[in-house]
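> Handing you this structure, nothing more for now.
Read-outs: derived from the displayed coordinates by stated rules, not from any lab. Here the structure is a predicted model, which means the values were calculated and not measured. Ideal geometry is used to build each Cβ from the backbone, glycine not excepted, and the neighbour counts take in all protein chains shown.
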Amino acid sequence: MANTDSRVTIHMAASLDGFIARKDGRVDWLETLDEFAGGDTMDPEFVEAFLKTIDCYVMGSRTYETALRFEAQGFGWAYGDKPTFVLTSRALPRTRETVEFHSGDLAAFVNERLRPRFRSIWFAGGGMLSAECLRLGLADDLRYSILPILIGEGISFFETLDKDVALHLAEVKAYKSGMVALRYEVRRHTGAQ
Ligand SMILES: NC(=O)c1ccc[n+]([C@@H]2O[C@H](COP(=O)([O-])OP(=O)(O)OC[C@H]3O[C@@H](n4cnc5c(N)ncnc54)[C@H](OP(=O)(O)O)[C@@H]3O)[C@@H](O)[C@H]2O)c1
């Protein structure tokens with residue numbers, strides 16, 4: 001039985017033109033130099049408390065490989081000690097006990113394995129997995145952090161989405177860094193109205 005309290009959230013940071021990485025996977029543009037005087041500051045204590053509310057992470061293999069590269073470069077592991085499920089059909093290095101690999105039916109995995117166990121299920125990207133998650137109607141919330149930059153081309157927030165997904169805007173927050181954080185709830189009746 002699915003835990004009816006559980007929520008699946010997709011969250012990524014993207015350029016204003018809708019890209020989560022350059023074509024070659026680089027995310028060097030995530031650090032921007034903007035300043036928006038009227039914006040909020042990101043309180044580290046709030047961030048820490050917020051991260052504690054996330055029960056597990058789910059990501060595509062390419063995002064996992066980026067996370068491993070970041071870690072090898074000394075930037076640390078962004079997912080703490082939370083269970084992290086990596087979707088892949090390949091045999092990838094497992095660098096910590098919290099990482100688990102999965103392949104195959106994403107809907108069955110989320111509804112039968114994750115929802116009964118976890119309340120806050122966080123899809124951390126990338127574009128391919130996020131699109132699959134939305135196509136299958138698995139997402140409840142979508143968090144889109146828009147950075148003040150245009151990069152022209154790259155990997156889209158949602159790669160090859162094949163239908164409309166209607167959303168409800170639930171929260172808007174602008175930060176001093178120039179980032180705008182949007183939270184949408186996925187409307188269950190999708191498509192043209
Ligand atoms: N800006 C941000 O916030 C942000 C967030 C996350 C990622 N990123 C960037 O986005 C890029 C990666 O995104 P992406 O769209 O290229 O790839 P992705 O979604 O991270 O990974 C796609 C891969 O996951 C595996 N996969 C997906 N669904 C599966 C399923 N149901 N069963 C088994 N395997 C499945 C497949 O790989 P296999 O070949 O292994 O089977 C697929 O090629 C990276 O550059 C990363 O840095 C940015």
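> Can you list residues whose amide H is under 5 Å from Gly178's amide H, if they're 5+ apart or on another chain and H is modeled 1.01 Å from N?
Phe36
> Write down Rg/Rh for region 108-190, rounded to two decimals, with Rg from the C-alpha atoms and Rh from the Kirkwood relation over Cα pairs.
Result for region 108-190 is an Rg/Rh of 0.99.
> Taking +1 at the Cβ of each Lys and Arg and -1 at the Cβ of each Asp and Glu, which of Gly104, Leu134, Phe75 sits farthest along the dipole of region 32-184 towards its positive end, judged by Cα position relative to the Cα centre?
Sorting the options by dipole projection puts first Gly104.
> Full-extension gain between Ala72 and Arg90, please, as 0.36 nm times their residue separation minus the C-alpha to C-alpha distance.
Stretched fully, the Ala72-Arg90 segment lengthens by 4.4 nm.
> Mind jotting down the three principal axis lengths of region 144-193 based on Cα atoms? Whole angstrom, largest first.
Dimensions of region 144-193 along the principal axes of its Cα atoms: 36, 27, 13 Å.
> Search the structure for amide H atoms under 5 Å from the amide H of Ser120, placed 1.01 Å from N in the peptide plane, and list their residues when 5 or more places away or on another chain.
Arg7, Asp55, Cys56
> Which value, in debye to the nearest 20, gives the size of the charge dipole of the chain about its Cα centre, when Lys and Arg are +1 and Asp and Glu are -1 at the Cβ?
For this selection, approximately 500 debye.
> At 0.890 mPa s and 25 °C, plugging the Kirkwood radius over alpha-carbon pairs of region 43-95 into Stokes-Einstein gives what diffusion coefficient in µm²/s?
So the translational diffusion coefficient is about 199 µm²/s.
> Using packing as a proxy for protection, rank 173-180, 8-15, 95-102, 122-129 so that the peptide with the highest average count of other Cβ atoms within 10 Å comes first.
Ranked from most to least packed, the peptides come out as 122-129, 8-15, 173-180, 95-102.
> Mean 1/r over all different Cα pairs, inverted: what Kirkwood radius does region 55-125 give, in Å?
Kirkwood hydrodynamic radius for region 55-125: 12.5 Å.
> At 7 Å along the Cα-to-beta-carbon direction for both Ala166 and Asp55, put a label point, then send me their distance in nm to one decimal.
Once both label points are built, they end up 2.9 nm from each other.
> What is the extension gain from Leu182 to Arg117, computed as 0.36 nm multiplied by their sequence separation minus the C-alpha to C-alpha distance, in nm to one decimal?
Fully extending the segment from Leu182 to Arg117 adds 20.7 nm.
> Now for a separate question. State the Kirkwood hydrodynamic radius of the chain in Å, one decimal place, computed from all pairs of distinct Cα atoms.
17.6 Å
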